[in-house]
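Remarks on the structure that follows.
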Amino acid sequence: MMKIVRQVVIGYRQRFGEAPEHIVIHRDGFMNDPLDEVKAYLREEDITYDIVEVRKQSPARVVNVTDYGYTTPSKGVASIDRALNRAYLLSFGDPEDLASRGTPRPITVERAEGPTDIETLTRQVYLLAQCHIGVSNTTVRVPISTSYADKAATAAANGHLPKTTELETGIGF
């Protein structure tokens, strides 16, 4: 992770002539690699940061209750708990066809560290879930950063990536 963050800062500095002011690190909910070195580096560079956990699991489903029964809620709906810095977000839903998937399953967005409010972070995760390639009539459930990292990690685990770096046994997303 340290190499990735350092490359981001160096690339940004080369492009814009200065370091970024703020970085948001999205982590898959099960990833527990320590980030102490990364956080120390960002502090040395005077870059503020947020660390956001994005988990595919959520303790609930979300539906619209009407006089006539239940309907699929609109995508982009979130239940935000500011006290816990956590949100449950529907990254897909109406108007998309969910007939083959059933009730939309929310994802969990949780701010682990940083100054940005959970509502802003949840909006960013939603927008990143809408940025994807490959399907024109639906969106991915998780933000593109998590989705592509999952695909790359699966490819690496199945031996489909060229072994050209020390990240051969695990992709460092």
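The values are calculated or read from the model by the stated rules, or taken from the named source; none is laboratory data. Just so it is clear, the model here is predicted, and its values are computed rather than measured. Cβ sites come from the backbone with ideal geometry, for glycine too, and all protein chains shown count toward neighbours. Heads up: the accessible areas ignore ligands, DNA and RNA and are worked out on the full protein's heavy atoms, side chains in. Shrake-Rupley method; radii C 1.70, N 1.55, O 1.52, S 1.80 Å.
Do you know which residues across segment 75-85 are of a type in the set (Lys, Arg) and either surrounded by fewer than 10 Cβ atoms within 10 Å (Cβ to Cβ) or free of Cβ contacts under 8 Å to residues at least 60 places away in the same chain (or both)?
Across segment 75-85, the qualifying residue is only 82.
Residues 89, 98: which one is open to solvent by less than 40 Å² (accessible area, probe 1.4 Å), under 10 Å from residue 62 (Cβ atoms), modelled with pLDDT under 90 and not acidic (Asp, Glu)?
89
Looking at segment 16-74, which of its residues are open to solvent by 30 Å² or more (accessible area, probe 1.4 Å) and at positive phi?
Listed by number, the residues that qualify are 17, 46.
For segment 1-90, which strands (runs of 3 or more DSSP E) that fit wholly inside it have 1 or more residues that are of a type in the set (Lys, Arg)?
Result: 22-28, 48-55, 86-89.
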